Amino acid sequence: MFKGSHVHLMDNKGRISIPTRYREVLQESQDRLLILTNWEDYILAFPQSEWVKVEARLAAQPLLRKDLRLLQRFLMSGVEECPLDRQGRILIPPTLREYAQLSREVALVGAVRCFEIWDRTGFEAHRKLLKGQINEEVLHELLI
């Protein structure tokens, strides 16, 4: 599982180092390819093995539901395949860097089956807002 948050520097070419913990998760599932796509104000990064499941779920949905078509269009239009290099880095394509407004400092945030790539400042602001939005009843349901 992807958990925790890590701040890394993005180089001038748009490469970021994937945290060791995350690389270990990828090695366990024998994934050397990450699937990146746009989402809200950040980028979602899926191991290829998890992305295949997402695609299967999307393909199983009815085509005539407009809300599902819009979601599928948005999600699939941003997809980029990003292999890990020998140093454990990925190159974030310019389109996704622009979409998420990434600066030099990025936050990689665990989200169980995938992780998120945020601009560090944007993530810190978002995290402050989270405190007031978390529903304790949902936590209670998960823990019982």
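Sort out for me the Cα centre separation of segment 110-136 from segment 33-97, rounded to whole Å. Segment 110-136 and segment 33-97 have Cα centres spaced 19 Å from each other. Check each of the trypsin sites (Lys or Arg not before Pro) in segment 79-108 and keep only those in coil by DSSP with at most 10 other C-beta atoms within 10 angstrom; list them in order. Counting only loop positions with at most 10 other Cβ atoms within 10 Å, the trypsin sites (Lys or Arg not before Pro) in segment 79-108 are Arg86. Taking each DSSP H run with n ≥ 4 as -39500 (n - 2.57) and averaging over every residue of the chain yields -12500 deg cm²/dmol at 222 nm. Rounded to two decimals, what is Rg over Rh for the chain when you use alpha-carbon atoms and the Kirkwood radius? Across the chain, the Cα-based Rg/Rh ratio is 0.98.
Applying the criteria of a DSSP loop state and at most 16 other Cβ atoms within 10 Å to the trypsin sites (Lys or Arg not before Pro) of segment 25-59 yields Arg32. According to the Cα-based calculation, Rg over Rh for segment 31-71 is 1.04, with Rh computed by the Kirkwood formula.
State which entries of Lys66/Lys128; Lys13/Lys131; Lys3/Lys53 exceed 29 angstrom in Cα-Cα distance in the structure shown.
With Cα atoms farther than 29 Å apart: Lys66/Lys128; Lys13/Lys131.
Within the chain, what whole-number % of the accessible surface is contributed by carbon and sulfur, with the 1.4 Å probe and all protein chains included in the calculation? If you can, show how the numbers build up before the last one.
Details: 5060 of 9560 Å².
C and S atoms contribute 53 percent here.
The loop-placed GluC sites (Glu not before Pro) in segment 38-144, going by DSSP, that have at most 14 neighbouring Cβ atoms within 10 Å of their Cβ come out as Glu40.
The values are calculated or read from the model by the stated rules, or taken from the named source; none is laboratory data. If you're wondering where the values come from, they're calculated on a predicted model, not measured in any experiment. In this analysis, Cβ positions are derived from the backbone assuming ideal geometry, glycine residues included, and neighbour counts consider all displayed protein chains. The accessibility values were calculated without ligands, DNA or RNA, using every heavy atom of the protein model including side chains. Shrake-Rupley method; radii C 1.70, N 1.55, O 1.52, S 1.80 Å.
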